[in-house]
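The block underneath contains the structure these notes are about, expressed in structure tokens.
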Amino acid sequence: MRNNLTWGFYRFRNMTKRGLLYILITLFISYGLYQIYVFYFDNNNNIQSIYLVPKDAVYVIESQKPIDNWDAISKSDIWKHLNTNTYFNSLAQNLNKLDTIFKQKQGTFNRIGNREILISAHVYAPKKYGFFYVVDLQKISKLNLLKNNLNSLINSNYKVSKRKYHDHQITEVYDVKNRETLYISFIENQMIASYTHTLVEASIDQYSEPKIGRDLNFIEVKKQVGYNDMFRLYFQYDYLDQFVKVFSNTTGYTTQVLKESLEYSGFSFDLDDNTIIANGITNTNNQASSYLKALQKSGKGKRTISRVAPKETALYLSFGFSSFKDFYNNFETIQKENPEQFKSYLDGTEQIENFLKINIKKHFISWVDDEIALLQLHSNVSDSKKDVALVIKTNNIDDAKENLDFILEQIRKRSPVKFKAVDYKGYTINFMSIKGFFKILLGDLFSDIEKPYYTIIDNYVVFSNEPNTLKSIINGYTNKQTLSNFETFNNFDDRFDKRSSVFAYINTPSLYNNAYQFVDNATKQQLSVNKDYVICFPLIGIQLTPEQRYFESKIVIDYQAPDQVKSNYTFIDATIPNKPNSNTSSLINKDTIDQTTVFNIPEIYPTDLTADQFSKKYANGNTKFSVELKDGLKHGRYKSYYSNGVLKISGKYRKDKQVGTWRVYDLNEDLIFKKRF
């Protein structure tokens, strides 16, 4: 019997072991099947990355294969150059920070990294902005691989702590060396991260009620952009002014118009050799400016103003339409939607028409063709900080001249300013002494063109507040130094449609020269330090073409090595002459002055052709020269001075020509030369 009991006990124990083994195997298989189900079949509780981006994103960059794409970008000449700049270098470090944190587990990071990633920029405090990251872990998130094992994935250079925020765990990874904290949290299939804790918290707050991702305007843009090319860029205009204030104390009129008129721009962009090409759309809102709405309804125009725009043009901003008459009718119709605005417009136009006894549509609108443009120049003859011109293409130059002459005559009858036309190289410069004409006619974008001078070149009428800006344009045209004769511009322009609604061409070397010429010494130093990172993108182009409820948009940015740009363009900060030695002035005498050239007075460019005198000063405040004017021409006494204020040359002009006896003096104001003209 004992044997039977013993045998029964061993049999029961063996059955129990086998049973437990069977149970364990069953549980293991069940768990494995569950994990397989979760990993491969269960798609519940997945959310889109954009739903977690806080609502105040200025822009969002999206990539489906960030590691592959970033690898391609990091090997490009563009990034290699930009990475030598402190700002871009720190940006690269931020983009690679996750890789640094997980570098002990490269296999793990590689599995995580090449998935959809979003990077958004947010202004979180005055003059400060930060980046927010969203990584779609997809099915890996079901295994809680990172969430439960984050401590084991990082190295000793980091300290990890955790805290709760609204039932979500935030992991804080403190970088001991750099003394900064990366905040990480997991929401469904997404990992969110930022070096600004308020951005992670804002993401958690809006988890159940996403903002940007459910905005119909954003959805429209995202649908049109699709998933092509290396990256997608989305720009939200609601927060444009805050972003601009990070870099500037003022936002400016253009920033305000864009903020109030546009909702989103979306682009898919790629890197083609040394050119960045982006294609996408931009949608407007109900509060869009009347001008922008009218452009959207008025078709496209062919760009030809490049025929008169100088080669040194820094900005060529073109507006095109099927016809200006249709555009203007649309402009008026849209303004009627805002009774107060429309009344202000009617009051303004009626005031001009009643005062001058003209009909705006007959005497102005009728001869405008399919393009107008604003030009900002780097002028060789002007000292103006705003070398801006409005160029209007005409459909009949004879009609344009006849009607402008009529308007000019009406102004002369009612204006106390008496001004005779000035001839410059065969082109007549007139003065249109009427305030606010273009602002009333075309809106605030053209408010800077006030009481302008104008001239006619080919089939174009050119207006500017500065007569010397007109002279620069005339010089460029007569010397065949225009954009249309500039091969680099033509090759760049070929990348865009020939017809568009809005087209902006930016020449950064000219823009750099324009800025450098007028900023203070501290700003000059900053410009010089960062010069190579500005001029390396010598040409930038933006095009908007109307399409249903939005604008098709295109951006092209060319890159060139700074040394190559410097060999192709002249920079004024590299051509500033050395200051003379303080003792040099004591050597000025009869033997050191060339009598054959001393009376060759350089051409003078008065900034106000209605004034009766024009003068310029040295940096120390002393007068450099002064000359009397009549009808915009040099007419009367001329005097120039040494920098210490002593008279150097005296003489007279009559109708822009030197006449009578001219005299030259030394530093003791003793006469050393004289010449009769």
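Spin-label model, Thr84 to Asp656: label points 7 Å out along the Cα-to-beta-carbon direction sit 4.8 nm apart. For the range 408-437 and the range 285-325, what is the centre-to-centre distance using only Cα atoms, to the nearest Å? Using only Cα atoms, the two centres lie 27 Å from each other. Put Thr482, Thr333, Thr596 in order of accessible area, highest first, and with a 1.4 Å probe you get Thr596, Thr333, Thr482. In the context of the full set of protein chains, the range 596-656 has a per residue accessible area of 55 Å² (1.4 Å probe). Given R0 = 22 Å, the distance between the Cβ atoms of Asp563 and Ala522 translates into a calculated FRET efficiency of 0.25. Our compactness index for the range 214-344, the C-alpha radius of gyration over the empirical 2.2 N^0.38 Å, is 1.24. Between Thr349 and Asp458, the contour length at 0.36 nm per residue exceeds the Cα-Cα span by 36.4 nm.
Find out how many positive minus negative residues lie around Thr275, taking Lys and Arg as positive, Asp and Glu as negative, among other residues whose Cβ is under 10 Å from that of Thr275. In short, -3.
Carbon-plus-sulfur accessible fraction, the range 608-677 (probe radius 1.4 Å, protein heavy atoms only): 40%. Cross-link partners for Lys498 among the aspartates and glutamates, with Cα-Cα distance under 18 Å and sequence neighbours closer than 8 places in the same chain left out: Asp369, Asp370, Glu371, Glu487, Glu547, Glu552. Atom-type composition of the exposed protein surface of the range 242-282 places 51 percent of the accessible area on carbon and sulfur (1.4 angstrom probe). Can you send over the carbon and sulfur percentage of the accessible area for the range 438-514, probe radius 1.4 Å, protein chains only? Heavy-atom surface of the range 438-514 belonging to carbon and sulfur, 1.4 Å probe: 39 percent. Specify whether the C-alpha gyration tensor of the range 462-557 places it in the rounded, prolate or oblate class, a ≥ b ≥ c being the square roots of the eigenvalues: rounded for a/c under 1.5, otherwise prolate if a/b is larger than b/c and oblate if not. In terms of gyration-tensor shape, oblate. Size descriptor for the range 364-514, Kirkwood hydrodynamic radius: 16.5 Å (Cα pairs only, one decimal). Using the beta-carbon distance between Lys480 and Phe673 and R0 = 41 Å, what value does 1/(1 + (r/R0)^6) give for FRET efficiency, to the nearest 0.05? Efficiency, rounded to the nearest 0.05: 0.60. By the compact-protein rule of thumb, 2.2 N^0.38 Å, the alpha-carbon radius of gyration of the range 393-461 corresponds to a ratio of 1.14.
The values are calculated or read from the model by the stated rules, or taken from the named source; none is laboratory data. All values reported here derive from a predicted model rather than from experimental measurement. Every residue, glycine as well, gets a Cβ built from its backbone with ideal geometry; the counts of neighbours run over all protein chains shown. Side chains are part of the model used for accessible areas, which takes the heavy atoms of the whole protein and leaves out ligands, DNA and RNA. Shrake-Rupley method; radii C 1.70, N 1.55, O 1.52, S 1.80 Å.
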